[in-house]
1. What is the distance, in nm, between label points placed 7 Å from the Cα along the Cα-to-Cβ direction at Asp27 and at Phe70?
2. Take the Cβ-Cβ distance between Gln94 and Ala172 as r, set R0 to 22 Å, and report the resulting FRET efficiency rounded to the nearest 0.05.
3. Nearest 10 degrees, 0 to 90: what angle lies between the long axis of helix 86-100 and the longest principal axis of the chain (Cα atoms)?
4. Over the Cα atoms, compute the radius of gyration (one decimal) and Dmax (the largest Cα-Cα distance, rounded to a whole number) for the stretch 111-183, in Å.
5. Give me the number: length gained by fully extending Glu41 to Ser53, i.e. 0.36 nm times residue separation minus the C-alpha to C-alpha distance, one decimal in nm.
6. Compute the separation of the alpha-carbon centres of the stretch 64-117 and the stretch 153-173 and state it in Å as a whole number.
7. What is the helix-to-structure angle for 116-141, meaning the angle in degrees between its Cα long axis and the longest Cα principal axis of the chain, kept from 0 to 90 and rounded to the nearest 10?
8. Based on Cα positions only, what radius of gyration and what Dmax would you give for the stretch 78-152, in angstroms?
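Nothing in this text is a laboratory measurement; each read-out follows from the coordinates by a stated rule. Since we're looking at a predicted model, the values are computed, not measured. Glycine gets a Cβ as well: all are built from the backbone with ideal geometry, and neighbour counts include every protein chain shown.
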Amino acid sequence: MGNRLTRIYTRTGDDGTTGLGDGSRADKDAPRLAAIGDVDELNSALALVLAASPPPPVVACLEAVQHDLFTLGGELSLPGQTLLSAGDVERLEQAIDGFNAELPPLREFILPGGGQAAAACHLARAICRRAERSVVALARVETVGVPLRRYLNRLSDLLFVLARVLARDSGAGEVYWRKRDEY
């Protein structure tokens, strides 16, 4: 692969617009750009989970998700294109089922926490939900691929399950919600 960027700053966005992958320009506060930004933030939050040195199966899973999110961002920057497939969503479902099979049944509400990696994963889950809301808002005014929307929905579920796995693996355990009169 050759050089993609020879200069980091171009000054073309100084007018409040940015270029999309198809060569068109969009306002930086447009719903499409909000969705792209939220997906980018989510990918960065996953880097924080990975920086906390989770177990190798979680690393492999999240590294694949990071690549998917880059593809997902590409799809958002190319209006009318579909880059994710139903197979990508199914892969997430298989990961959820695999990691969840190792966990005890959920009987209480869980608060974010449970060690550094688990807390970072909970943060990524919350950002994923925001990215999903941004994509839903975009889909009200423009066409968005169904697999893309489903992917973000499943990803937030996966991140919840992974936060549980990471809390268990850290030894800190899950942080359960208690009624006000219990704390």
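1. 3.2 nm
2. Numbers: r = 27 Å, r/R0 = 1.24.
Using R0 = 22 Å, I get an efficiency of 0.20.
3. 20 degrees
4. According to the Cα coordinates of the stretch 111-183, Rg and Dmax are 15.3, 48 Å.
5. Value of the extension gain: 2.4 nm.
6. If we compute the Cα centre of each part, the gap is 11 Å.
7. Once rounded, one gets 40 degrees.
8. So, for the stretch 78-152, Rg and Dmax equal 15.3, 43 Å respectively.
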